[in-house]
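Participant: Submitted below is the structure of interest, expressed as structure tokens.
Nothing in this text is a laboratory measurement; each read-out follows from the coordinates by a stated rule. Source: prediction; values computed, not measured. Please note: Cβ atoms are built from the backbone with ideal geometry, for glycine as well, and neighbour counts cover all protein chains shown.
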Amino acid sequence: MRRFISVLLVPLAVLQAAAQGRVPDDVEAKRDVEYGVANDVSLTLDVYKPKKTPQGLMPAVVWIHGGGWRHGDKNNAGNAIALAKRGFFAVSINYRLSDVAVFPAAIEDCKGAIRWVRANAKENGVDPERIGVWGSSAGGHLALLAGCADESAGLEGKSGYAKVSSRVQAVCSWFGPADFRIVGSVARDPVAQFLGGTMEEKGEAYKLASPVTHASKDDPPVLMIHGDKDGTVKLEQSEVMLKALKEVGASAELVVVKNAGHGWKSEGKAVEPGADEIMAMSMKFFEEKLAAKEVQPGAEEPAKK
């Protein structure tokens with residue numbers, strides 16, 4: 001069923017300018033902030049926030065770039081900049097790529113970035129209980145894993161702020177892998193490099209790295225958006241994740257994009273919903289799931305620790 005979104009769209013021109021490193025006048029950027037160190041590797045992120053300080057504390061979103069776990073960097077920040085234009089504190093992160101360190105390095109870094117946001121929430125005007133994570137492709141996988149794998153999974157890492165929670169309150173995945181054990185459903189070579197070998201060689205890693213194996217009732221709300229013609233990460237990946245989350249009673253939604261391949265590419269037929277509407281859905285999801293909770297008249301605010 002098609003959804004009609006009545007929210008202000010972020011023009012594609014804004015995203016294209018952001019992809020080229022240009023930041024709009026109403027967004028403040030801070031580059032190359034170190035959020036942790038892992039095995040002597042400095043881990044950095046870029047901060048984007050509205051220049052006009054919003055009333056109250058801001059929600060935050062961590063953007064995770066794609067690239068098959070072996071390419072890409074935090075300069076792919078169009079979505080983070082779009083969030084900042086809508087009043088979010090957004091960060092676009094670098095993480096150790098698979099030619100530097102194999103799994104679980106990348107997810108440990110992502111969780112370290114979330115901890116950095118929460119640990120520095122007060123000085124940045126952020127609500128530490130309203131943090132989301134969003135990624136595309138490999139970044140979508142890492143977003144799902146960050147949202148669903150709790151501390152018992154052993155994926156927290158030691159990059160910094162060890163006593164701070166990496167839990168998030170909302171997850172959005174654009175065409176991200178969810179179960180590496182489904183043969184032929186994700187491009188093989190990048191997965192083998194990311195996980196350090198084949199499924200026969202690294203079976204436990206294939207299981208531990210699959211978000212579907214971490215689905216639980218207390219997972220945060222999840223929105224997945226995936227093209228039905230995606231040949232790089234097949235739609236089946238998001239479908240099995242949706243099924244796993246629904247079976248345990250978690251909040252999850254999957255939007256299937258008609259005629260869309262990986263990255264919303266098409267073979268001539270119109271992509272539906274289109275790029276603007278996909279962006280609007282994603283923004284609306286974070287605005288709803290990370291909205292400030294109103295204190296009802298007569299209700300007492302929770303005691304501060």
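Participant: Which whole-number percentage describes the relative contact order of the stretch 191-250, with Cα contacts under 8 Å and a sequence gap of 6 or more? Before the final figure, lay out the partial values.
Facilitator: On the way: 37 pairs, mean separation 21.3, N = 60.
Normalised by residue count, the contact order of the stretch 191-250 is 35 percent.
Participant: Could you pull out which residues in the stretch 159-202 have an amide N less than 18 Å from a spot 7 Å beyond the Cα of LYS284, following the Cα-Cβ vector?
Facilitator: 171-174
Participant: Which order do HIS141, HIS65 fall in if you start with the one that has the fewest other Cβ atoms within 10 Å? List each step's numbers first, then the result.
Facilitator: Numbers: HIS141 32, HIS65 23.
If I rank by nearby Cβ atoms, fewest first, I get HIS65, HIS141.
Participant: Further question on the same structure: So, in Å, what gap is there between the alpha-carbon centers of the stretch 177-241 and the stretch 85-161?
Facilitator: A separation of 18 Å, based on Cα centres.
Participant: At R0 = 22 Å, how high is the FRET efficiency between ASP73 and ASP99 if r is their beta carbon distance? Nearest 0.05 is fine. Mind dumping the intermediate values first?
Facilitator: Working: r = 13 Å, r/R0 = 0.59.
Efficiency, from the Cβ-Cβ distance: 0.95.
Participant: Relative contact order for the chain: what percent, with Cα pairs under 8 Å and sequence separation of 6 or more? Please report the intermediate quantities before stating the final value.
Facilitator: Values: 653 pairs, mean separation 49.0, N = 305.
With pairs under 8 Å counted, the relative contact order is 16 percent.
Participant: Add +1 for every Lys or Arg and -1 for every Asp or Glu among the other residues with Cβ under 12 Å from the Cβ of LYS85, and state the total.
Facilitator: Details: positive: LYS49, LYS51, LYS52, ARG86; negative: ASP25, ASP26, GLU28.
My count for the surroundings of LYS85 gives +1.
Participant: Mind ranking 207-217, 36-46 by how tightly packed they are, going by the mean number of other C-beta atoms within 10 angstrom, highest first?
Facilitator: Values: 207-217: 20.7, 36-46: 17.1.
For the peptides 207-217, 36-46, the packing ranking is 207-217, 36-46.
Participant: So which lysines pass the test for LYS234, namely a Cα distance under 20 Å, with those fewer than 8 places away in the same chain ruled out?
Facilitator: The qualifying lysines are LYS207, LYS243, LYS246, LYS258, LYS265, LYS269.
Participant: Continuing with the same structure: Distance in nm between label sites at ALA153 and LYS269, each 7 Å beyond Cα in the beta-carbon direction?
Facilitator: Using points 7 Å along Cα→Cβ, the separation is 3.4 nm.
Participant: Let me ask something else. Assign unit charges at the C-beta atoms only (+1 for Lys and Arg, -1 for Asp and Glu), then state the dipole size of the stretch 23-289 relative to its Cα centre in Debye, rounded to the nearest 20. Can you show the working numbers first?
Facilitator: Numbers: 32 positive and 36 negative charges, 70 e Å.
Dipole size: approximately 340 debye.
Participant: Also: What's the exposure ranking of HIS262, HIS71, HIS226, going from fewest to most Cβ atoms within 10 Å? Present the calculation step by step, with values, prior to reporting the outcome.
Facilitator: Details: HIS262 19, HIS71 13, HIS226 26.
By the 10 Å Cβ count, ascending, the order reads HIS71, HIS262, HIS226.
Participant: To continue, here is another question. Based on other C-beta atoms within 10 Å, arrange ILE114, ILE93 from fewest to most.
Facilitator: Working: ILE114 26, ILE93 29.
Listed from fewest to most nearby Cβ atoms, that is ILE114, ILE93.
Participant: Which shape class, rounded, prolate or oblate, goes with the stretch 95-202 when its Cα gyration tensor gives a ≥ b ≥ c as root eigenvalues, a/c under 1.5 marks rounded, and past that a/b bigger than b/c marks prolate? Show your work: numbers first, answer last.
Facilitator: Working: a/c = 2.44, a/b = 1.80, b/c = 1.35.
Here the stretch 95-202 falls in the prolate category.
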